[in-house]
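What follows is a single structure, written as structure tokens, with notes after it.
No lab work stands behind these numbers, since they all come straight from the coordinates. Small disclaimer: the values here were computed from a predicted structure and weren't measured. Using ideal geometry, Cβ is built from the backbone for each residue, glycine included, and neighbour counts are taken over all protein chains shown.
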Amino acid sequence: MLLKVVKTTALVVLTICTLNAANFNAQAEKDRLALINYFEAKFADPAKNRSTFFPYSTDDELKNNIMGGLKHADFALGNYAFSKNGQASYKEIKEFPPTEEWIEAGEELYGKAFANGKSFKTCFPDPVAAGSNYPMFDEKRKEVVSLTLAINECLKANGEKPFKTTKGKMAHLQAFFAYSATEEEKTVNVKIESKEAQAAYERGKEYYYTQRGYLKLSCAACHVQGAGQRVRNESLSQLLGHTTHFPVYRLKWGVKDKNNDGLGTLERRMSGCIKDEGQVPPKNTSKEMRELLYFMAYMSNGMKIDGPDFRK
Ligand code: HEC
């Protein structure tokens, strides 16, 4: 009898322990699945479900531009996923992608020796892993490490000057990593495996849903509730798939650069949106930015990495 009680207690304790260990991402997983359901419902039949999801869209947009029948994987294309016109020009540009030379520049940087004889290969022996493992929660440091931070830490550790975090070499190297992961058909696979990682995720989520500034805008106002609506001449894209394709070449950034180098990091894009909210964005390698990134990337879990890509 006693033995039976001991055995049962041991089993219960064991079950609770394993449940806890496996459960740090339970809330995140719930959030992710809810988001997929929401966007699939929203873009199932936009014209039919107009009053629920598209009350502000015009007849013309619903009839001639916003497409329906979208499934999870489709959302990776940003606003080109649902905009008929957008998708047509996207496919055209994709035939001669403006990103190729920057991938090559990144590959060259990857192999180039630092002053101490080492190179990025020392820090990132596998470019595919570098392109698919970030952002990650580093369980030893107890913080989120983004690819941007990891690259600059590598430079510093080798006595080199850190890169700018928005464009140029940082974006080139990331393009090479993203391309390597894309070629290997990697998917986003962000892990939440501890209490601290879970807390970091929750803080990132909080940031995403918090209204800011005199317009009281949150990221979610535009990229969850607002996705599919038009803001001036832009269609708002959905959070789902927002981190799968960076760095991104933007036509708008290209015309501003003397070498037509319009490639920029995800952080550059995010801070642009934060500025549009009327806010001063947190630094690109700050804890706040990394945790925001961690949340966003988790939402894209399971989706194919497809970078570098381009956007308007
Ligand atoms: C007032 C609306 C608005 C708000 C608020 C806003 N954005 Fe955006 N965002 C845009 C527009 C417009 C674009 C360009 C069209 C598109 O892809 O949605 C964009 C694009 C993006 C993209 C690029 C999408 C892609 O497919 O490459 C990301 C990532 C992004 N926003 C993140 C954020 C984050 C993070 C926040 C909150 C800090 C935020 N946005 C807040 C309007 C907004």
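See the values below:
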{"read-out": "Segment 239-264 versus segment 161-193: alpha-carbon centroid distance in Å", "value": "13 Å"}
{"read-out": "Radius 15 Å from Cβ of LEU62, net charge of other residues (Lys, Arg +1; Asp, Glu -1)", "value": "+2"}
{"read-out": "Likely footprinting exposure, THR210, THR285, THR243, THR187, fewest C-beta neighbours within 10 Å first", "value": "THR210, THR187, THR285, THR243"}
{"read-out": "Most to least packed among 271-277, 85-91 [average Cβ atoms within 10 Å]", "value": "271-277, 85-91"}
{"read-out": "Exposure proxy order (Cβ contacts within 10 Å, fewest to most) of VAL231, VAL145", "value": "VAL231, VAL145"}
{"read-out": "Entries in LYS42/LYS287; LYS84/LYS216; LYS30/LYS275; LYS191/LYS304; LYS186/LYS312 that, when Cα-Cα distance is taken, lie over 21 Å", "value": "LYS42/LYS287; LYS84/LYS216; LYS30/LYS275; LYS186/LYS312"}
{"read-out": "Simple spin-label estimate for ASN23 and LYS169 in nanometres, 7 Å along Cα-Cβ", "value": "4.8 nm"}
{"read-out": "Where labels lie 7 Å past Cα in the beta-carbon direction, separation of LYS84 and LEU33 in nm", "value": "3.5 nm"}
{"read-out": "Net charge of Cβ neighbours under 12 Å - reference THR99; Lys, Arg +1; Asp, Glu -1", "value": "-3"}
{"read-out": "Highest average packing first - 56-67, 244-255, 36-47, Cβ atoms within 10 Å", "value": "244-255, 36-47, 56-67"}
{"read-out": "Inter-centroid distance (Cα atoms) of segment 139-156 relative to segment 40-112, Å", "value": "31 Å"}
{"read-out": "Selected from PHE310, LEU215, SER237, residue furthest toward positive end of dipole (segment 181-312; charges at beta carbon)", "value": "LEU215"}
{"read-out": "Debye, to nearest 20: dipole size of the chain, +1 on Lys, Arg Cβ, -1 on Asp, Glu Cβ", "value": "760 debye"}
